[in-house]
Amino acid sequence: MNVWGYWKCPYCGEVVRADHKDCTKCGASIPNDVKFFMDTDKPVEYVDEAQESDEANWLCSFCRSQNPAEKDHCENCGAKRSDALGDYFSKPEKPTNEPEAPAKKKLSSKARKRLILLGAVILAILFFVWLFKPVTRTGEITGFEWERSIGVEEYQRVKESGWSVPGGAELVSSNREIRSYRQVLDHYEYKTKRVAKRVQDGYKVEYKDLGNGQFKEVKKPKYKTVYENERVKTPVYRQEPIYDTKYYYNIDKWKQIKTLDTSGSDHEPKWAETDLPTSVSAPKYGDKRQGAKTEKYYAVIKDHNGSTQKIEYGFAEWENLKTGDKVEYKTLRFSDDPL
Ligand SMILES: [Zn+2]
Ligand SMILES: [Zn+2]
């Protein structure tokens with residue numbers, strides 16, 4: 001529905017309903033550059049159906065006065081509509097009281113802030129990727145180091161337990177024990193939770209300037225946030241034990257009791273001298289043999305700062321390195337230590 005707008009007389013300041021072309025107080029004519037508005041102090045008055053029009057006034061090119069859309073000739077001077085200068089909305093004058101502009105600007109500055117923040121986060125991620133990307137450096141070999149170790153194992157009778165008895169073991173006892181737990185639904189708990197809901201709260205009435213003294217009444221639904229208590233059902237579980245038979249047994253096996261270590265700062269690695277056998281057929285308690293071997297090989301290098309670093313190599317590669325060789329190694333940008 002359309003309602004009547006108002007215009008303000010530039011001579012006496014009277015606020016005049018837009019269906020009057022002359023000031024109701026002083027008689028002055030409506031100005032050519034009139035700007036219609038809704039006056040909140042005045043009652044909202046609906047336009048008769050017969051008078052309703054959604055089309056803007058056109059501007060006479062000759063006398064600049066405004067004319068309703070349904071007129072083909074200027075009401076003031078008779079000039080033709082086809083020569084019109086445009087309409088009410090193409091006037092260069094800016095409306096006097098428009099509160100919307102600053103709100104729009106505020107929103108765009110908020111969006112810009114968010115964009116700047118996003119950019120900063122991406123930059124920070126890129127910086128850390130760059131920082132932690134390994135770099136290759138070159139050093140010169142100045143020496144070597146090595147470490148070798150032979151495990152010594154003794155055949156022993158050991159006490160063990162488990163959920164089954166391995167072959168060759170001598171069972172001592174068994175017992176029913178908790179092997180694992182299972183989650184079982186015990187009951188439900190009801191809690192109340194505050195939930196925010198958006199509900200419609202009447203209408204907001206807005207008026208759209210139609211450019212002919214009339215305003216279109218637009219009803220927009222208004223929303224508000226209300227809080228409601230909601231009942232939430234949550235399951236509560238209990239742990240239920242699962243029993244099984246646990247076996248306690250004695251078993252004869254090789255156990256590592258010590259290691260025979262050798263090391264050096266040269267290029268000639270040696271294993272420790274030992275006369276222990278590597279395998280024993282039909283072992284008895286107290287028999288000993290050689291167990292697992294471990295070995296480590298390092299090249300000592302002088303890095304780009306002139307300080308000493310150790311780099312670990314596999315034996316095959318280490319064996320072929322020579323003092324004075326230039327080697328590449330990986331390190332971090334902010335560190336000199338090899339990775
Ligand atoms: Zn007046
Ligand atoms: Zn005219």
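The values are calculated or read from the model by the stated rules, or taken from the named source; none is laboratory data. As the structure is a computational prediction, the values presented were derived from the model and not from experiment. Reconstructed Cβ throughout: ideal geometry from the backbone, glycine too, with neighbour counts over all protein chains shown.
On the stretch given as segment 49-58, residues that are away from ligand 2 (no atom under 16 Å from the Cβ) and not charged (D, E, K, R) total 4.
Among the criteria (1) assigned to a loop (DSSP other than H, G, I, E, B); (2) in contact with a strand residue (DSSP E or B) (Cβ under 9 Å, 6 or more places away or on another chain); (3) surrounded by 13 or more Cβ atoms within 10 Å (Cβ to Cβ), the one residue 64 does not fulfil is (2). For segment 59-90, a residue qualifies if it is touching a helix residue (DSSP H, G or I) at 6+ places or on another chain (Cβ under 6 Å) and more than 10 Å from ligand 2 (Cβ to nearest atom), and exactly one does: 72.
Run down 223, 285, 249, 243 and say which single residue is of a type outside the set (D, E, K, R), assigned by TED's automatic domain parsing to the domain that holds residue 201 and farther than 30 Å from residue 165 by Cα.
On the way: 285 fails: farther than 30 Å from residue 165 by Cα; 249 fails: farther than 30 Å from residue 165 by Cα; 243 fails: farther than 30 Å from residue 165 by Cα.
When all the criteria are applied, what remains is 223.
In the set (1) within 30 Å of residue 272 (Cα to Cα); (2) outside the structural domain of residue 257 (by TED's automatic domain parsing), the condition left unmet by residue 121 is number (1).
Taking each residue of segment 255-275 that is assigned to a strand (DSSP E or B) and looking for partners that are of a type in the set (Lys, Arg) and exposed (fewer than 13 other Cβ atoms within 10 Å of the Cβ) with beta-carbon atoms closer than 8 Å, six or more apart or interchain, yields 262/270; 264/270. When the residues of segment 123-165 are filtered to those that are over 30 Å from residue 245 (Cβ atoms) and among the acidic types (Asp, Glu), which remaining residue is nearest to the chain's Cα centre (by Cα)? The qualifying residue nearest to the chain's Cα centre (by Cα) is 140. Out of 80, 71, 94, which single residue is at pLDDT below 90 and away from ligand 1 (no atom under 16 Å from the Cβ)? After applying the criteria, what remains is 94. The residue of segment 289-334 that is surrounded by the most Cβ atoms within 10 Å (Cβ to Cβ), among those that are in a strand (DSSP E or B) and of a type in the set (Gly, Ala, Ser), is 299. Look at segment 191-207: where a residue is closer than 22 Å to residue 219 by Cα and a partner is modelled with pLDDT of 90 or more and outside any strand (DSSP E or B), sitting 6+ places away or on another chain with Cβ atoms under 7 Å, you get 207/38. Exactly one residue among 34, 47 is within 16 Å of ligand 1 (Cβ to nearest atom), surrounded by 14 or more Cβ atoms within 10 Å (Cβ to Cβ) and not assigned by TED's automatic domain parsing to the domain that holds residue 216, and that residue is 34.
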